[in-house]
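The values are calculated or read from the model by the stated rules, or taken from the named source; none is laboratory data. Everything quoted here is computed from the prediction, not taken from an experiment. Positions of Cβ are backbone-derived with ideal geometry, glycine not excepted, and every protein chain shown enters the neighbour counts. The accessibility values were calculated without ligands, DNA or RNA, using every heavy atom of the protein model including side chains. Shrake-Rupley method; radii C 1.70, N 1.55, O 1.52, S 1.80 Å.
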Amino acid sequence: MSKEIYIGADIGGTHISAAWVEPVNGIIDGTLRTAPVDGNGSGDETVQVWKSVIRKTIAGIDDIAGIGFAMPGPFDYSRGISKIEGVQKFNSLFGLNIKEAFRSILDDNTARLCFVNDATAFALGEYYAGAARGSKRCLALTLGTGFGSTFLVDGVFRETGVGIPPNGYLYNVPFKESIADDYFSTRGFVKAWQQKTGENVDGVREIAQYAQQGNPSARAIFDGFSSGLADFLAPWIRQFNPDTVVIGGSIAKSSQLFLPGLLSELEKKNIPDTNIRISSLWDSASLTGAAMYARLQTRATTAKNSLFRKTTQFPAPEKTSPSIRGHYDIYPAFPVGTGKIHGGSDTLAARIARHKTVVIDGYEGVFWDCLIEDLNTEFLKLNKNVCWFHCDAALKQKDELYEMIKPCLGDDDSIFGKITGKNLSDWFDMDRLHKISPNPDADINILVGCGSALAGWDAPLIYVDLPKNELQFRMRAGRAFNLGFDTPADSRVMYKQAYFVDWQVLNRHKAQLLPSIGIIVDGQRPDGYLWMTGDDLREALAEMSRNFFRVRPWFEPGAWGGNWIKNNICGLNGDAENIAWSFELMTYENGLMFESDGYRLEVSFDFLMYAGYRETLGDCADRFRYDFPIRFDFLDTFDGGNLSIQCHPREEYIRREFGMPFTQDETYYILDCKDSAEVYLGFQEDIQPEKFREELVRSETQSIPVDIDRYVRKFPARKHGLFLIPNGTIHASGKDNLVLEISSAPYIFTFKMYDWLRLDLDGRPRPINIEHGMKNVDFALKGERVERELISKPRMLKRDEDEIIEHLPTHPLHFYDIHRHTFEKRITVQTQGKCHVWMLVEGKSVLLETANGLKQRFNYAETFVIPAAAQSYTLTNEDRGKVMMVKAFVR
């Protein structure tokens, strides 16, 4: 057939109807199919009836343009997931992915299938072919089993705006002693009849018959309905100002008994010209509207949005090889042996198909719908009937969640919050979650989503992990959202909520799940999943905690960023504006890669600490537990700009205000610099705190530059020099430096006090934190005391023919120390119960060999870690001449 044909389907508690719909002519005669449905039947029985009707309806159509389903709520219409529960219909479908259930009859193409609220479908049907045709602003009401409402502006339904309640829902708006749905529905009529007569009645039709026969009680009920509906609608009509109000539903079939009274009551309220029309399409309205909604949706998008991440950096490849000797490797991986990592949805589906029930849990930001679609395609090839259930159907309402986490989010204009103590179960209505149950008639039942393991299914567990850098890229692209929410917000707000709330909660959940994970999936590539067994993961983590590891670094541009990293590290996107940071060992956000047969599977660093923090940290394990204490990162200002003038919080302040276990004490190790490079550090001898504050405030409020040199000291940067920056120290790197920042692990608690009046890369001013800074900055660190206390003076610890070991003393407030080793051939190092963090700062490469016999090359500027449990290891210089390495460790 050459015509553009859409299918409209209307799902009710007792029936399903479906028909062919043409955009111009509406429903095509002779194509209507209907069937009764038992709303209290099993999920499989219900879905099979629906599929049977759709299968019959689409017969004879070569190319279906789209299928629209009008569904009652609550329902996740964008994803096709039922949230109907506790209303004596479709309870067995709670959490079920209806969209995927139809894949088998749609030639594996559910992109053309969409869902719309039944009241909205009614409104669209009347707008395109019925009583609202030609309307600019239409309010459509369905009065029947429930009270439905839809607000249309130029044929597009609106969920927000002037005169529109949240989500466009009027049913839950308070009215008299309850809500509107209890009055303007069949239930309201039946209750009113019982109160007046003490008798039971089947429904509105019977009451209408009594009214037509002159029964005074029945007439009084309809009169009360007219006046009540007028009282309720009047303020909404005034605010929304519709040119048409369309009323449909079973109660509307008795409009002769309430419409005159409704119009009269509205006129008394000075709303005399309301154009109220009764439905002209009746039962066909929802069918037509569902089909037209499908038409709108398929025209709006015909394929998946390819922009799933917003960053200048490339996605990590599924397979790659180590870099050549002497060249920095941007995809480092720990070898786990051959045959351990598997690629593709087909291999994962085949593994899942061994089981009757499966739980797939995972981190926020995972593209669950893509994963389900890919796996279901493979299940169809295996002739498996799979029921997909979604745990997020049992999430608490967004308003309730927001009130719960609000105390942790700080002020609206602040980038800082406070670490939450909540658990993932606090996000769910646990009673509803436990109501999601497997369908005994399905070949496979899969419960999927973040928190699925909380449902308590007795089933194998799959966990889908996502590196936090990729999660942030997805958030910036508007494709990933905060825990429990499904709409994007400002990227700074989303990150704050993620850092202080989501990641804390999800990491605790992940730690509890680690021992029972059957399969781990790397979810960062929606077109190519990698997986390994939980046993292989745990064995690899154990090996790592006894030998070595290097996290996967990631790179970010910034307002002050430079080009040293761009020019010296291969494999990065040369089109990036700059590279400001390389997160070498920022364990809260880095991932760990495992290698097998060239595959690179990545998991978050947290897994290592949950599996072996004692082996990793050694004698400081009880102090830090899961919090890896030391951070390495690069700050690149080569041909860039100065960092902001800043300080970090005092120990007591960061605990009290932000809930962090320890503070952000730093050092700047100058890995490279130009001759003119400088570092801002400490105050001038004559600093006047109040005058400094006044100057900063004046600059922020009036955009006036500050002569920072009047207040803050500067020192020449020299290669391999070490500047000490304990908490409370005013400081900044100047331009033309490559700084190796060796620090305690916290990293976002930077109080920017002056930022040179520049904008961030997004065109917005960078957040300034003068008040936080003034409460923490140490004005006693000034004058000659800066040279004496904040510039490290190397001390010789050892000098012989094998090596030179220098102590680069840190500040008494630092809990870590730094040694520098220079050698020509080979050194052997004992961990002595301590975890060592290394970087090669001069030379091409060294070869590590642990006491367990594992070998690994590390190149110039690469950060790697030797866990305390390694006990002993050797480092061999692979180049001519001497190499120089720095080692940081907890004192």
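As a summary of the residue check, Leu847 satisfies the conditions (1) of a type in the set (A, V, I, L, M); (2) in contact (Cβ under 8 Å) with a residue 40 or more places away in the chain; (3) surrounded by fewer than 16 Cβ atoms within 10 Å (Cβ to Cβ) except for the one numbered (2).
Considering only residues that are hydroxyl-bearing (Ser, Thr, Tyr) and modelled with pLDDT of 95 or more, look in region 550-600 and name the one that is nearest to Phe334 (Cα to Cα).
The residue in question is Ser596.
Residue pairs whose Cβ atoms lie under 6 Å apart, sitting 6 or more positions apart in sequence or on different chains, and linking a residue in region 684-697 that is over 13 Å from Leu781 (Cα atoms) to a partner that is surrounded by 12 or more Cβ atoms within 10 Å (Cβ to Cβ) and of a type in the set (Ser, Thr, Tyr), are Phe692/Tyr711; Leu696/Tyr754. Scanning region 778-798 for residues that are surrounded by 15 or more Cβ atoms within 10 Å (Cβ to Cβ) and either basic (Lys, Arg) or modelled with pLDDT under 95 (or both) turns up just one, Lys782. A search for C-beta distances below 6 Å between a residue of region 209-221 that is open to solvent by 40 Å² or more (accessible area, probe 1.4 Å) and any residue that is of a type in the set (Gly, Ala, Ser), counting only pairs 6+ apart in sequence or on different chains, returns Tyr210/Ala218; Arg219/Ala211.
Among the residues that make up region 871-878, is at least one of them touching a residue at least 40 places away in the same chain (Cβ under 8 Å), open to solvent by 10 Å² or more (accessible area, probe 1.4 Å) and either touching a Cys at 6+ places or on another chain (Cβ under 6 Å) or aliphatic (A, V, I, L, M) (or both)? So that I can check it myself, show each step before the final result.
Here is the first cut: in region 871-878, the residues touching a residue at least 40 places away in the same chain (Cβ under 8 Å) are 871-878.
With open to solvent by 10 Å² or more (accessible area, probe 1.4 Å) added as a condition, the list becomes 871-872, 874, 876-878.
Next, only the ones that are either touching a Cys at 6+ places or on another chain (Cβ under 6 Å) or aliphatic (A, V, I, L, M) (or both) stay: none.
No, that holds for no residue.
Can you confirm whether Arg857 is of a type outside the set (Val, Ile, Thr), open to solvent by 10 Å² or more (accessible area, probe 1.4 Å), over 40 Å from the mean Cα position of the chain (by Cα) and modelled with pLDDT of 95 or more?
Details: of a type outside the set (Val, Ile, Thr): yes; open to solvent by 10 Å² or more (accessible area, probe 1.4 Å): yes; over 40 Å from the mean Cα position of the chain (by Cα): no; modelled with pLDDT of 95 or more: yes.
No; evaluated as a whole, the condition is false for this residue.
You will find that of Ser92, Ser104, the residue that is outside any loop (DSSP other than H, G, I, E, B), out of contact with any Gly (no Cβ under 9 Å at 6 or more places or on another chain) and more than 18 Å from Ala290 (Cα to Cα) is Ser104 and no other. Given the conditions (1) at pLDDT 95 or above; (2) touching a Gly at 6+ places or on another chain (Cβ under 9 Å); (3) assigned to a loop (DSSP other than H, G, I, E, B), and given that Arg479 satisfies all but one, which numbered condition is not satisfied? Only one criterion in (1) at pLDDT 95 or above; (2) touching a Gly at 6+ places or on another chain (Cβ under 9 Å); (3) assigned to a loop (DSSP other than H, G, I, E, B) is unmet by Arg479, namely (1). Can you tell me which residues in region 47-92 are touching a residue at least 24 places away in the same chain (Cβ under 8 Å), of a type in the set (Val, Ile, Thr) and under 28 Å from Phe367 (Cβ atoms)? Of everything in region 47-92, those that are touching a residue at least 24 places away in the same chain (Cβ under 8 Å), of a type in the set (Val, Ile, Thr) and under 28 Å from Phe367 (Cβ atoms) turn out to be Val47, Ile54, Ile64, Ile67, Ile81.
Of all the numbered requirements in (1) open to solvent by 30 Å² or more (accessible area, probe 1.4 Å); (2) in contact (Cβ under 8 Å) with a residue 24 or more places away in the chain, His836 misses one, and that requirement is (1).
Working only within region 648-661, note down all residues that are open to solvent by 20 Å² or more (accessible area, probe 1.4 Å) and either of a type in the set (Gly, Ala, Ser) or not in a loop (DSSP other than H, G, I, E, B) (or both). Walk me through it before giving the result.
Taking region 648-661 first, the residues open to solvent by 20 Å² or more (accessible area, probe 1.4 Å) are 650-652, 655-657, 659-661.
Within region 648-661, Glu651, Glu652, Arg655, Arg656, Glu657, Gly659 qualify.
The condition (being closer than 30 Å to Phe485 by Cα and open to solvent by 10 Å² or more (accessible area, probe 1.4 Å)) is satisfied by just one residue among Asn91, Asn25, Asn40, Asn97: Asn91. Looking at region 197-208 only, could you name the residues that are surrounded by fewer than 16 Cβ atoms within 10 Å (Cβ to Cβ) and without any contact (Cβ under 8 Å) to a residue 40 or more places away in the chain? Thr197, Gly198, Glu199, Asn200, Asp202, Glu206, listed by residue number.
Of all residues in region 258-295, those satisfying the criterion of being touching a residue at least 40 places away in the same chain (Cβ under 8 Å), farther than 16 Å from Pro242 by Cα and surrounded by fewer than 19 Cβ atoms within 10 Å (Cβ to Cβ) are Ser280, Asp283.
Residues of region 643-683 that are touching a residue at least 60 places away in the same chain (Cβ under 8 Å) and more than 25 Å from Ala745 (Cβ to Cβ): Cys673, Lys674, Ser676, Ala677, Phe683.
Out of the residues in region 614-647 that are among the charged types (D, E, K, R) and in a helix (DSSP H, G or I), state the one that is least open to solvent (accessible area, probe 1.4 Å). So that I can check it myself, show each step before the final result.
The initial filter retains those residues of region 614-647 that are among the charged types (D, E, K, R), namely 614-615, 619, 622-623, 625, 627, 631, 633, 636, 639.
Then drop every residue that is not in a helix (DSSP H, G or I), which leaves 614-615, 622-623.
Details: Arg614: 121, Glu615: 77, Asp622: 112, Arg623: 155 Å².
Among those residues, the one meeting the criterion is Glu615.
Scan region 148-192 for residues that are open to solvent by 20 Å² or more (accessible area, probe 1.4 Å), farther than 16 Å from Pro235 by Cα and assigned to a strand (DSSP E or B) and jot them down. Those that are open to solvent by 20 Å² or more (accessible area, probe 1.4 Å), farther than 16 Å from Pro235 by Cα and assigned to a strand (DSSP E or B): Val153, Val156, Phe157, Arg158, Ser178. Evaluating Ala511 against the criteria (1) assigned to a loop (DSSP other than H, G, I, E, B); (2) open to solvent by 10 Å² or more (accessible area, probe 1.4 Å); (3) of a type in the set (A, V, I, L, M) leaves one unmet condition, (1).
Scanning region 553-583 for residues that are buried (at least 21 other Cβ atoms within 10 Å of the Cβ) and assigned to a strand (DSSP E or B) yields Trp554, Phe555, Gly562, Ile579, Ser582, Phe583.
Residues are listed down the side, and each one gets a yes or a no for (1) of a type in the set (Lys, Arg); (2) surrounded by fewer than 23 Cβ atoms within 10 Å (Cβ to Cβ); (3) touching a Leu at 6+ places or on another chain (Cβ under 9 Å); (4) modelled with pLDDT of 95 or more:
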position: Tyr668; (1), (2), (3), (4): no, no, yes, yes
position: Asp672; (1), (2), (3), (4): no, yes, yes, yes
position: Gly682; (1), (2), (3), (4): no, no, yes, yes
position: Pro689; (1), (2), (3), (4): no, yes, no, yes
position: Glu694; (1), (2), (3), (4): no, yes, no, yes
position: Ile704; (1), (2), (3), (4): no, yes, yes, yes
position: Lys719; (1), (2), (3), (4): yes, yes, yes, yes
position: Ile725; (1), (2), (3), (4): no, no, yes, yes
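Hand me the list of helices (runs of 4 or more DSSP H) wholly inside region 368-464 holding 1 or more residues that are open to solvent by 50 Å² or more (accessible area, probe 1.4 Å), charged (D, E, K, R) and in contact (Cβ under 8 Å) with a residue 40 or more places away in the chain. Give the steps one after another, and end with the answer.
Details: elements: 368-381, 398-405, 430-433.
Fully inside region 368-464 and qualifying: 368-381, 398-405.
All told, Ser82 falls short of being open to solvent by 50 Å² or more (accessible area, probe 1.4 Å) and under 24 Å from Ile444 (Cα atoms). In the set Ala489, Ala477, Ala498, only one residue is open to solvent by less than 10 Å² (accessible area, probe 1.4 Å) and within 30 Å of Thr160 (Cα to Cα); that residue is Ala498.
Residues that are under 23 Å from Ser582 (Cα atoms), under 31 Å from the mean Cα position of the chain (by Cα) and surrounded by fewer than 16 Cβ atoms within 10 Å (Cβ to Cβ) occur in region 764-777; there is at least one. For region 440-467, a tally of residues being modelled with pLDDT under 95 and touching a helix residue (DSSP H, G or I) at 6+ places or on another chain (Cβ under 6 Å) returns 1. Here Asp361 meets the list (1) of a type in the set (D, E, K, R); (2) open to solvent by less than 10 Å² (accessible area, probe 1.4 Å); (3) closer than 30 Å to Glu862 by Cα almost entirely, failing just condition (3).
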